[in-house]
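Throughout, read-outs are computed from the coordinates displayed, never taken from laboratory work. The model shown is predicted, which means the values in this text are computed figures rather than measured ones. No Cβ is skipped: glycine too gets one built from the backbone with ideal geometry, and neighbour counts run over all protein chains shown.
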Amino acid sequence: MNNDKFFNISPWNILNEMLNAERPFNSMFRTLASRIEGRFPPANFYVSDKAAVIDFEMPGKNPDDVDIKLEPQAVVIEVAPKDKAKEMSESGKRRIELPFSIDADKTKAVFKNGILRLEMPKSESAKLKKITIDTEN
Amino acid sequence: MNKEAKDLEKRCSYQYQSVTPSVYVAEDKEGYVITYEIPGVGKEDVDLNVENRTLMLRTDNKFSPPADFKCMAREFPVCNYAVSLDLPEQADPTSIKAKVANGILTVKLPKRAELQPRKIAISQ
């Protein structure tokens, strides 16, 4: 069953950050470029000690058009507009690996003005734990 | 405050650099539908003006990246949008309608009344 073709991208390394320098350019070209690279919907990635945030850009889509599935350490997003006749009815699917395992129950997704923000807190098990060292004499 | 000073103040308050958004224009018998892709921009942050048959769009994008987070990769810019379109001769700029939904600005621009299709009543 699992013959869906999607790109597996791990955006959390420094090389990617360098390649994706802040460089606004025409959004039509951008959409085209992301389609060619298999990066649709385009996303911005943010990380802190406690959580990871991904913003997906999808103007003209409704929350109903989007399907989000969480894996312990990855997120799969699928965009498939219900209204196929509409212009700008791009669809796409991508799987994004996360830098740490996340707490699926506390994950929030908010859709506002064509941008979907996915906020995924780190799971308790992924947080840094200090190990106390016992001495044996 | 005069108009120019107000304008300048407004322009300087724009947080981000402006880019040209994707614009789609469709035409039918009644008029034109202009669609702008402006993700991140809400209804109250759109500034749409008509002057001398030019339709000008500017936005004040309030969308902000999450605070206290480090950006790891960027595939789309968070920016403002600005574009001016010359309106066609057939268009009637006095009855423009615009709405913003899900990051899409849709402008309905009817053609002049005398160019609208109409049915001729047949008299007996």
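Per residue, the average separation of C-alpha pairs within less than 8 Å and at least 6 apart gives chain B a relative contact order of 30 percent. If you run the Gaussian network model on chain B, springs between alpha carbon atoms under 10 Å, then out of B:Lys111, B:Lys70, B:Lys62 the most flexible one is B:Lys70. If R0 equals 45 Å, the separation of the Cβ atoms of B:Lys29 and A:Val76 corresponds to a calculated FRET efficiency of about 0.50. Give the aspartates and glutamates whose C-alpha is closer than 17 Å to that of B:Lys3, dropping any in the same chain fewer than 8 places away, or say none. Partners within reach: B:Asp47, B:Glu51. Separation of the alpha carbons by more than 27 angstrom is noted, of A:Lys82/B:Lys111; A:Lys108/B:Lys70; A:Lys112/B:Lys97, for A:Lys82/B:Lys111. Here the Gaussian network model covers chain B, with springs between Cα atoms less than 10 Å apart; of B:Ile96, B:Ile38, B:Ile104, B:Ile96 fluctuates the most. Our coupling estimate for region B:61-66, obtained by passing each phi through the Karplus curve with A = 6.51, B = -1.76, C = 1.60 and θ = phi - 60°, is 6, 8, 5, 10, x, x Hz, Gly and Pro reported as x. The amide H of B:Ile104, built 1.01 Å from its N in the peptide plane, has A:Gly60, B:Ile38 as neighbours under 5 Å, considering only residues 5 or more places off or on other chains. In terms of the ratio Rg/(2.2 N^0.38 Å) built on C-alpha atoms, what value belongs to chain B? Rounded to two decimals, the normalised Rg is 1.35.
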